[in-house]
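Single-structure report; data block below.
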Amino acid sequence: MKKAHLNSECKEDVYVELPTEAGESKDKIGKLRHWLYGFRPAAAAWENHYAGKLRDAKFVRGVATPVSFYCQEKDVSLVVHGDDFTFVGEDAGLDWAEAKMNAWFEVKVRARLGPDKKGDKEATLLGRVIRWDDWGISCEADPKHREMVLEALGLEEGSKSLVTPGSK
């Protein structure tokens with residue numbers, strides 16, 4: 001999803017100071033019509049917004065995990081994490097779901113993993129590299145995160161591990 005939290009309508013009376021580039025005097029304020037990214041209610045409004053669209057498309061929300069959905073009619077499952085939507089299903093159901101999402105939101109499809117020649121064999125999702133291999137699906141941490149941890153801790157590629165607590 002692109003610009004997810006900006007899609008949510010602000011149904012409350014929320015007012016903000018106008019930035020100088022608005023060209024208005026300091027005694028004027030603005031009323032939000034849509035939530036701004038970073039506002040605490042923006043995420044909840046976004047969740048209510050997409051959940052309503054999914055419910056209208058005959059998706060049933062999970063009981064144990066309210067960010068999981070299933071459409072029995074199309075046999076398509078879905079898990080949402082913020083603005084990342086991950087669908088599981090056969091091609092016909094995924095085509096239907098993709099068309100729905102494109103009608104509702106500005107969407108970028110990163111990959112569609114699958115066993116056939118047209119299916120992608122690798123994708124990165126939520127900091128994980130997911131691969132479709134001949135023997136099955138594998139998942140591992142994104143190597144970029146490893147590099148970020150090394151840099152944050154001031155370690156180098158050849159740094160040696162420490163098995164037990166100790167000192168130099």
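The values are calculated or read from the model by the stated rules, or taken from the named source; none is laboratory data. Worth saying up front: this structure is predicted, and the values here are computed from it rather than measured. Cβ atoms come from the backbone with ideal geometry, glycine included; neighbour counts cover every protein chain shown. When the accessible area is computed, the model is the full protein with side chains, heavy atoms only, and any ligands, DNA or RNA have been set aside. Shrake-Rupley method; radii C 1.70, N 1.55, O 1.52, S 1.80 Å.
Counting other Cβ atoms within 10 Å, keep those with at most 14, restrict to DSSP loop, and tell me which chymotrypsin sites (Phe, Trp or Tyr not before Pro) in segment 1-77 are left. Intermediate results must be reported in sequence, preceding the final value.
Working: sites: 15, 35, 37, 39, 46, 50, 59, 69, 70; in loops: 35, 37, 39, 59.
Sites meeting the loop and neighbour criteria: 37.
May I ask you to order 51-58, 118-125 by the average number of other C-beta atoms within 10 Å around their residues, highest value first? Please report the intermediate quantities before stating the final value.
On the way: 51-58: 14.5, 118-125: 12.8.
The peptides rank, most packed first, as 51-58, 118-125.
Percent of accessible area on segment 107-168 owned by carbon and sulfur, 1.4 Å probe?
Exposed carbon and sulfur together represent 55 percent of the surface.
Need the C-alpha centroid separation for segment 113-168 versus segment 83-107, integer Å.
Between the Cα centres of segment 113-168 and segment 83-107 lies a distance of 27 Å.
Please give, to one decimal in nm, the separation of the simple spin-label points placed at residue 83 and residue 65, each 7 Å out from Cα toward the Cβ.
If labels sit at residue 83 and residue 65, their model points lie 2.2 nm apart.
Mind checking the per residue accessible area of segment 1-122 for me, 1.4 Å probe, whole number of Å²? Don't skip to the answer; put the middle values down first.
Working: 8610 Å² over 122 residues.
Result: 71 Å² of accessible area for each residue.
When the convex hull of the Cα atoms of segment 91-140 is projected onto a plane and the area is averaged over all directions, what value comes out in nm²? Mind showing how you got there, number by number?
On the way: hull surface 16.3 nm².
Quarter of the Cα hull surface area: 4.1 nm².
So how far apart, in nm, are the two label points at residue 33 and residue 138 if each is 7 Å from Cα heading toward Cβ?
Output for this residue pair reads 5.1 nm.
Quick one: net charge of residue 137's neighbours, Cβ under 15 Å, K/R +1, D/E -1? Kindly include the intermediate steps, with their values, before the conclusion.
Details: positive: 112, 121, 128, 131; negative: 116, 120, 122, 133, 134, 140.
Once positives and negatives cancel, what remains is -2.
Among 35, 125, 88, flag the residue with its Cα farthest along the positive direction of the charge dipole of segment 33-168, charges on Cβ as +1 for Lys/Arg and -1 for Asp/Glu.
Going by the Cα projections, it comes out as 35.
Note down the accessible area of residue 36, probe 1.4 Å, to the nearest 10 Å².
70
Could you work out [θ]222 nm for the chain from helices alone, using -39500 (n - 2.57) per DSSP H run of at least four and dividing by all its residues? Round to the nearest 500 deg cm²/dmol. Write down the numbers at each step before the final one.
On the way: 3 runs with 41 residues, N = 168.
Result for the chain, helices only: -8000 deg cm²/dmol.
Tell me, what ³J(HN,Hα) does each residue in segment 20-33 have, in order and in whole Hz, if you take phi through Karplus 6.51 cos²θ - 1.76 cosθ + 1.60 with θ = phi - 60° and put x for Gly and Pro?
Running phi through 6.51 cos²θ - 1.76 cosθ + 1.60 with θ = phi - 60° gives 4, 5, 6, x, 9, 6, 5, 8, 9, 10, x, 9, 6, 9 Hz.
Suppose we take every Cα in segment 1-130 and form the convex hull; what volume per residue is that in Å³? Show your work: numbers first, answer last.
Values: hull volume 18.9 nm³, N = 130.
That works out to 145 Å³ per residue.
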